[in-house]
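The structure under discussion appears below in the form of structure tokens.
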Amino acid sequence: MEISVNKALSHATSLLVKAGVNEINSAKTARAIVTSDVWGNPSHGLMRLPFYLQRLTQGGVNPKAELKVGLGHWQLLDGAVIGVDKAKQHGISLVSIANSSHCGALGVYLYPALDAKMISMIFTNGPAVMPAVGGNSPILSTSPIACAIPSNPPMIVDLSTSAVARGKIASAAKAGGSIPQGWAVNEKGEAITDAKQALMGMLAPLGGAKGFALGLMVESLSAGLSGGALSRAVPDMFNPDDDKKAQGISHTVITINPASIGKDSKDGLDGLAASITASGGRLPGSKRVSPNNLGSGEITLADPVISDLNSWSQKLGLENIS
């Protein structure tokens, strides 16, 4: 079903406000969520909102928190803004946030740095779903990493270090479908193709041992650095039994101001981007629009997502989204 971007933003904000989050933080969170849908990444978009509302109403997220245990979306956005301010002063900054919660697509939080013509690197952890190569139990989360390069045009890297983002499996599970071999495995290392079973199984590392090594780096630079909960101790937002438990997720933002290094750095970054397009290659992130400029178009929501949103609208005393 097609829903206008403006309606999606307004309705998501209203649902979060009804769940107890203040207006400003609700709007920030809603924009981060809807941006994923605009980018064509529905696994981190409005499909996730019912899970956040459930955790808010059950006590797993404190709606009144101010950079304490709260929704990861606005916390990480505020942290990214702080990172830019500090990098303007010192050339480079590192902001670490502990005791947070799921923040959606990491690429959303690169834009404060991009808008300031700065480099940003972001790391986050989550519930353990990825085993070590040869291991039989989950150790790491999907361990996402994102990086923005302020070249002309800008380059954006945004990926999980597991074979696939878990949200894609969640989308398939909601639709009652299957997933390709190689995405998920059981404790014996055997492939799982049933999406619902895979959602509670383990995700294979991207590229085998190399993917796990990158995930280990992400875990170290997020939870390890902040002193927050390691992935094995993070409650799972897809497990209803964990709805009342604070997740304790960690995020880290590193921001670098190329202007503090000199003009040559900008020329080098522009040249790198130009070499990719000149070769006929696709520039990573080139089709993404800024979260601050989502436009007035429409997004497509699957029927099960519409149904979940309408159910929550009725619970919280709002009109249906559609």
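The values are calculated or read from the model by the stated rules, or taken from the named source; none is laboratory data. Values in this document were obtained by computation on a predicted structure and should not be read as measured data. A quick note on method: Cβ atoms are made from the backbone with ideal geometry, for glycine too, and the neighbour counts reach across all protein chains shown.
Please tell me if ARG282 is among the charged types (D, E, K, R) and in contact (Cβ under 8 Å) with a residue 24 or more places away in the chain.
Answer is no for this residue.
Check the range 184-194 and report whether any residue there is over 19 Å from LEU140 (Cβ atoms), within 22 Å of the chain's Cα centre (by Cα) and not in a loop (DSSP other than H, G, I, E, B).
no
Take ALA132 and decide whether it is in contact with a helix residue (DSSP H, G or I) (Cβ under 6 Å, 6 or more places away or on another chain), under 24 Å from VAL61 (Cβ atoms) and of a type in the set (A, V, I, L, M).
no
Tell me the residue from SER178, SER151 that is more than 17 Å from HIS44 (Cβ to Cβ), hydroxyl-bearing (Ser, Thr, Tyr) and in the same structural domain as TYR111 (by TED's automatic domain parsing), please.
Answer to the check: SER151.
What is the number of the single condition among (1) surrounded by fewer than 24 Cβ atoms within 10 Å (Cβ to Cβ); (2) under 12 Å from the mean Cα position of the chain (by Cα); (3) in a helix (DSSP H, G or I) that ALA173 does not meet?
(2)
Does PRO112 satisfy the condition of being on the phi < 0 side of the Ramachandran plot and either of a type in the set (Gly, Ala, Ser) or touching a residue at least 60 places away in the same chain (Cβ under 8 Å) (or both)?
Spelling it out, it is not the case that PRO112 is on the phi < 0 side of the Ramachandran plot and either of a type in the set (Gly, Ala, Ser) or touching a residue at least 60 places away in the same chain (Cβ under 8 Å) (or both).
Can you report the number of residues in the range 196-237 which are part of a loop (DSSP other than H, G, I, E, B) and surrounded by fewer than 16 Cβ atoms within 10 Å (Cβ to Cβ)?
Selection size over the range 196-237: 4.
Quick check on the range 302-310. Is at least one of its residues of a type outside the set (A, V, I, L, M), within 22 Å of HIS73 (Cα to Cα) and in contact with a helix residue (DSSP H, G or I) (Cβ under 9 Å, 6 or more places away or on another chain)?
yes
Just need a number here: residues in the range 246-275 that are surrounded by fewer than 18 Cβ atoms within 10 Å (Cβ to Cβ) and either within 20 Å of the chain's Cα centre (by Cα) or aliphatic (A, V, I, L, M) (or both).
Looking only at that region, the number is 4.
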